[in-house]
1. Along its three principal axes, how long is region 228-337 when you only count alpha carbons? Whole Å, largest extent first please.
2. In whole Å, what is the distance between the alpha-carbon centres of region 329-382 and region 109-146?
3. Could you please rank Glu225, Glu23, placing first whichever residue has the fewest other Cβ atoms within 10 Å of its Cβ?
4. Return a whole-number percent for the relative contact order of region 344-417, with Cα pairs under 8 Å and 6 or more residues apart as the contact set.
5. Per residue, what volume in Å³ does the convex hull of the Cα atoms of region 138-199 enclose?
6. Which whole-Hz ³J(HN,Hα) couplings does region 96-109 yield from phi under the Karplus relation 6.51 cos²θ - 1.76 cosθ + 1.60, θ = phi - 60°, glycine and proline marked x?
7. Calculate one ³J(HN,Hα) per residue across region 254-263 by plugging θ = phi - 60° into the Karplus curve 6.51 cos²θ - 1.76 cosθ + 1.60, and present them in order as whole Hz with x for glycine and proline.
8. For region 297-394, what is the largest minus smallest coordinate of the Cα atoms on each principal axis, given in angstrom and ordered from greatest to least?
Amino acid sequence: MSNSGDGHSVRPALYPFMRPLRERSVPLKIVLLGATGSIGQQTLDVVRAHPDRLRIVGLGCRSRIDVLLEMLEQIQELQPGDRPLVAVTDPVARERLAASEADSHRLVRGDGNALVELVRTAEADCLVNGLVGAVGLEPTLAAADEGLRIALANKETLVMGGDLVAAAVAAGGAEVLPVDSEHAAIAQCLSGRPADEVRRLILTASGGPFRETPAAKLPRVTVAEVLDHPTWKMGPKITVDSATLMNKGLEIIEAHHLFGVAYDHIDVVVHPGSTVHSLVEFADGAMLAQMGTPDMRLPLQYAINGQHHWPLDCGRLDLTALGPLRFEKPDTERFPCLALARAAGRVGGSAPVVLNAANEIAVAALLAGHIRFTDIGAVVAEALAREPDHLVPDLVAVLETDRRARALAETIVHERSR
Ligand SMILES: NC(=O)c1ccc[n+]([C@@H]2O[C@H](COP(=O)([O-])OP(=O)(O)OC[C@H]3O[C@@H](n4cnc5c(N)ncnc54)[C@H](OP(=O)(O)O)[C@@H]3O)[C@@H](O)[C@H]2O)c1
């Protein structure tokens, strides 16, 4: 990729820009990881809307067997006679499933990583990665290796291992298409345009539930208040990340890897309405924005189907009812996670891995009632300060750094909660 004109591409992009996508089979065979979560359930909605074009051939989750079995029943109705492969990582839940009388699936055992085994054996065309957290990285790498279309919701994959994914995608002929509404918006604005005309990406943020909360009150907010997101209904981890603005920080790193744009040219604006999903500024100053109802099924469908605007019953934006569109600067004093993530992304190597691991531990500690909301940024900052920066050239190094950073963050949480 060149860096001509006033464009600001700095590295090869994962996003295929002007490259045509590979032809895939019809119906498209999907392996869905994180099936029992918010993204997983919404993926099933998309498949339900297009049963002639989309088909589920594999499902993966951790332990929520009841939700999984319900889902398998619905898939039976949609795809009579199919028996999708299923991977469950929690050993107790896996045994429960094996002992259940349901025969609507085939259980992947896999001595090592059952999710990876599922991706490699399901004979799918497309991975929808709706796992939460670091567990998403290895299945993404396996899908890249298998040359699949990867509809990527699991942003932690790119935060931890963006360079590894880029190498695996280049070698395996896979395609990574973003599911995050912001990155899907950018992909739509970039559609058919060369990378070297891009000057700036502008990610929008809802601002979360504490957009107007004074700094002095933040240490006392409750977990219920943290989980009360104004616009999106999502799983607990991303909902906490949205409240701290860590989510937007992770998305900056995700955008850097996806679109190959330098950190100095990725901005964030707070846009409370969540109707402008993100914007691109081009070298001549022209700006394109993508708008739509805040419904994750839209970007999910757009990634799964290889970037087509198929019909979907999600309601429509009534422009005349929207009122003025507001855009504000994010407050990095009250929400330090945003600046921490940007800085870790710039440093690269181990820093984003440590950031992600420490954040996962801190979020879990908040949800368990062990630390306060404002401790999350403090735990992440301290973990980054205590873990020396180093290169992470391969998966072993990434996973080892992740393991060490988790242990360190646990220690810091323990120290703070005493
Ligand atoms: N939800 C949204 O609207 C949204 C929007 C944009 C991006 N995203 C991104 O999408 C990802 C998923 O978010 P979510 O909100 O859907 O999360 P969620 O509702 O908490 O669901 C997480 C899923 O991951 C599975 N999982 C977690 N740990 C696992 C493990 N060790 N092994 C196997 N499966 C495991 C869970 O299985 P169990 O249920 O069995 O525990 C569940 O199916 C995140 O990276 C998030 O940032 C989500």
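Derivation of every value follows stated rules applied to the coordinates shown; laboratory data play no part. This is a predicted model, so every value here is computed, not measured. All Cβ positions, even for glycine, are placed from backbone atoms using ideal geometry, and neighbour counts span all protein chains on display.
1. 40, 39, 31
2. If you average the Cα positions of each part, the centres end up 27 Å apart.
3. Working: Glu225 14, Glu23 8.
The most exposed by this proxy come first: Glu23, Glu225.
4. Details: 85 pairs, mean separation 32.9, N = 74.
That works out to 44 percent.
5. Values: hull volume 6.1 nm³, N = 62.
With only Cα atoms used, region 138-199 gives 99 Å³ per residue.
6. Residue by residue, region 96-109 yields 4, 5, 4, 7, 6, 8, 5, 10, 8, 8, 10, 8, 7, 8 Hz.
7. Going residue by residue, I get 4, 5, 4, 6, 5, 10, x, 9, 5, 4 Hz, with x marking Gly and Pro.
8. Extents along the principal axes, in whole Å: 50, 35, 29.
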